[in-house]
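> Got a structure for you, questions after.
Please treat every number below as a calculation from the coordinates, not as lab data. Keep in mind the model is a prediction, meaning the values are calculated, not measured. Glycine also receives a Cβ, built like all others from the backbone with ideal geometry; neighbour counts cover every protein chain displayed.
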């Protein structure tokens, strides 16, 4: 297993700076949330980490020294789930999940295990366009988990789920981290981040303000300065 390291990364869209000098380390065995206001570069940060965008300055690398720039190697080690993923073909859900095995070879046991893990095995033979948006989201997550990646980069994986499913998905992502994976998610629900995540990365105005445990990052003063909302922070054992 390996960490993924962003070293002084900067990126701009059409000369408009999005991220400037960003430094972060996404650790194996940890569930990490990227949080911040809309438009602060969370999704861009995830795409840079996935190698889908190229930094204008700085570097992205694996902590074990293997070649991040080798596309085939990177594709095998990193699995990425975008925020919006329209379904282009009415494939059976099982076939959608099978696509997650493309870089690794066929493995029906891994496909079934991922579907069971995400509680979508009962949709296996149903066309994906016949199930709800939230159910589709879980199938697409199962596709990511069906592979053998070391690092999962997931852009708002719980955005279309009801509260019960949000908690279930966060718990299963935590379980993946406990198996040694580096799991990084974009998340807007700070309570879910506080309850489930080992670390949070707080972004604002093109940069990372702080990375650390939720209790150290989520202070009332800091959250008010970022979000402009008065908050009372209450921590309990489950968080």
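> Tell me the label-point distance for the pair residue 59, residue 91, using the 7 Å Cα-to-Cβ offset, in nm and rounded to one decimal.
Here the answer is 3.6 nm between the modelled labels.
> Follow-up. Given axes a ≥ b ≥ c from the Cα gyration tensor, I'd like to know whether region 129-204 is rounded (a/c under 1.5), prolate (a/b larger than b/c) or oblate.
oblate
> Okay, next question. Quick one: if the Förster radius is 35 Å, what FRET efficiency do residue 220 and residue 171 give, using the C-beta to C-beta distance and rounding to 0.05?
Approximately 0.85, to the nearest 0.05.
> Could you calculate the contour length gain from residue 126 to residue 231, that is, 0.36 nm times the residue separation minus the distance between their Cα atoms, to one decimal place in nm?
33.4 nm
> Would you kindly state how much longer the chain becomes between residue 179 and residue 84 on full extension, computed as 0.36 nm times their sequence separation minus their alpha carbon distance, in nm to one decimal? Don't jump to the answer; show the numbers that get you there.
Details: separation 95, 0.36 × 95 = 34.20 nm, distance 2.71 nm.
Contour length minus Cα-Cα distance gives 31.5 nm.
> Calculate how many DSSP beta bridges within the chain are antiparallel, expressed in % of all such bridges and rounded to the nearest 5.
So the antiparallel bridges in the chain amount to around 50 percent.
> Suppose only helical runs count, i.e. DSSP H with n ≥ 4. What mean residue ellipticity at 222 nm does that imply for the chain under -39500 (n - 2.57) per run, divided by all residues and rounded to the nearest 500 deg cm²/dmol?
-9500 deg cm²/dmol
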